[in-house]
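Asks: One structure follows; several queries about it will come next.
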Amino acid sequence: IHRWSSNTLQTLLADHLIPERRSIEGELEDLQKARARREATRAMENRYASMQQLYEELVDFINAVSQIAEKGPPQPDDRTTPREKDTRFEMDLDDGVMINSAALWPLLEPQWKDPKKWWKELANAQGRKDYDWAHLAKRYFPTRVEEKCKQDPSLGVAHGCFWKYHPAVAYRWELRLQDEIAPDFTIDEEGSDEYRARFLKEHPEEAQDIYDKEMTRRKRNARRENDVDDGVGPLFDQNGDDETEVENGDE
């Protein structure tokens, strides 16, 4: 999988499968000429039948590779949601072996049957077998995944539309990560600068509230760190809630 490139399937076709098809076509033509001249022996007839079967299998395989390379995997059965969009296959290492092999299922069976099952699960996206976090799912089912991104911030992060659909959450995360990673850290996506600026301009009160809460959190953490450095542990209320610390002079 790590040796895969954007044109691996095209290379497979151009350098291996199509030249092999031409070679078989040439041999079949020679055998057909011998048969026409009634010069074919039993061995030649057997060879012709064998090569004809091989040729048909190769043509089917070439068609499958071509479809996946340019359009995507076919629908295995009527119970499987068909691709919403035709688009060429591209390997994405972040999706992992399972997801990538699912899109290659026609090329892998019958030696490996699981990818076909995985493609059905990915296409239908039901219950626990919902893989719409994967980039490959977004590639072939863009509308469905986009709608889910609007509802789920974690999917927005996965598909690079966090700022677009959840600017308040993105702003809160960005402030937190600036404290944990670096003061100039930003969550960068396509259009993130524009979406950030728009949120700050159109929702100044909400943005200020998020900022104030983050500053309060940082001050509270700083006090706790100072208490630990001084050898004094954090104080808790009777419920164990460290959000309400006992200040000097309080009972």
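Asks: Using a Cα-Cα cut-off of under 13 Å, which aspartates and glutamates could be cross-linked to residue 116, ignoring same-chain neighbours fewer than 8 residues away?
Replies: Partners within reach: 77.
Asks: Taking every eigenvalue of the Cα gyration tensor of the range 11-55, multiplying by 5 and rooting it, what semi-axes result, largest first, whole Å?
Replies: On the way: eigenvalues 123, 20, 6 Å².
Ellipsoid semi-axes (Å, largest first): 25, 10, 5.
Asks: How large is the translational diffusion coefficient of the range 32-153 in µm² per second when you combine the Kirkwood radius over alpha carbon pairs with Stokes-Einstein at 20 °C and 1.002 mPa s? Walk me through the numbers on the way to the answer.
Replies: Working: Rh = 16.7 Å.
Approximately 129 µm²/s, per Stokes-Einstein.
Asks: Let me ask something else. Work out the length of the dipole vector of the chain about its Cα centre, built from +1 on the beta-carbon of each Lys and Arg and -1 on the beta-carbon of each Asp and Glu, and round it to the nearest 20 debye. Show your work: numbers first, answer last.
Replies: Working: 38 positive and 55 negative charges, 459 e Å.
With only Lys, Arg, Asp and Glu charged at Cβ, the dipole is about 2200 debye.
Asks: Pairs 117/148; 113/150; 120/164; 71/117: which exceed 25 Å Cα-Cα? Working shown, then result.
Replies: Details: 117/148 23 Å; 113/150 34 Å; 120/164 30 Å; 71/117 20 Å.
Over 25 Å apart, Cα to Cα: 113/150; 120/164.
Asks: Rounded to the nearest 0.05, what FRET efficiency do residue 59 and residue 109 give with R0 = 25 Å and r taken as the Cβ-Cβ distance? Could you check? Display every interim value, and only then the final one.
Replies: Working: r = 17 Å, r/R0 = 0.69.
Computed FRET efficiency for residue 59 and residue 109 comes out at 0.90.
Asks: Round to the nearest 10 and give me the degree value, 0 to 90, for the angle of helix 114-124's Cα axis relative to the longest principal axis of the chain.
Replies: 60 degrees
Asks: Going by alpha carbons, how many degrees (0 to 90, nearest 10) lie between the helix axis of 42-70 and the longest principal axis of the chain?
Replies: The helix 42-70 is inclined about 30 degrees to the chain.
Asks: Residues of the range 57-124: accessible area per residue at 1.4 Å, in Å²?
Replies: Dividing the accessible area of the range 57-124 by its residue count gives 52 Å².
Asks: Right, another one. Roughly how large, in nm² to one decimal, is the mean projection of the convex hull of the alpha-carbon atoms in the range 148-225?
Replies: Numbers: hull surface 21.9 nm².
Projected area, direction-averaged: 5.5 nm².
Asks: Can you give me the P(r) profile for the chain? Cα pairs, bins 5 angstrom wide beginning at 0, each as a whole percent.
Replies: The percentages, shortest bin first, are 1, 5, 9, 11, 10, 8, 9, 9, 8, 7, 5, 4, 4, 3, 2, 2, 1, 1, 1, 1, 0, 0, 0.
Asks: While we're here: In degrees from 0 to 90, rounded to the nearest 10, what is the angle of the helix 18-36 Cα long axis to the longest principal axis of the chain?
Replies: 20 degrees
Asks: Give me the Å³ per residue figure for the convex hull around the C-alpha atoms of the range 55-121. Don't jump to the answer; show the numbers that get you there.
Replies: Numbers: hull volume 6.3 nm³, N = 67.
Taking the convex hull of the Cα positions in the range 55-121, it is 94 Å³ per residue.
Asks: Also, quick follow-up: What residue among 186, 68, 166 has its Cα farthest toward the positive end of the dipole of the chain, where the charges are +1 on Lys, Arg and -1 on Asp, Glu, each on the Cβ?
Replies: So the residue furthest toward the plus end is 68.
Asks: Oh, and also: What part of the accessible area of the range 1-154, given as a whole %, is carbon or sulfur when the probe is 1.4 angstrom? Show your work: numbers first, answer last.
Replies: Details: 4460 of 9450 Å².
Carbon and sulfur together cover 47 percent of it.
The values are calculated or read from the model by the stated rules, or taken from the named source; none is laboratory data. Quantities reported herein were computed from a predicted structural model and do not represent experimental measurements. Every residue, glycine among them, receives a Cβ derived from its backbone with ideal geometry; neighbour counts consider all protein chains shown. SASA here: full protein model, heavy atoms, side chains in, ligands and nucleic acids out. Shrake-Rupley method; radii C 1.70, N 1.55, O 1.52, S 1.80 Å.
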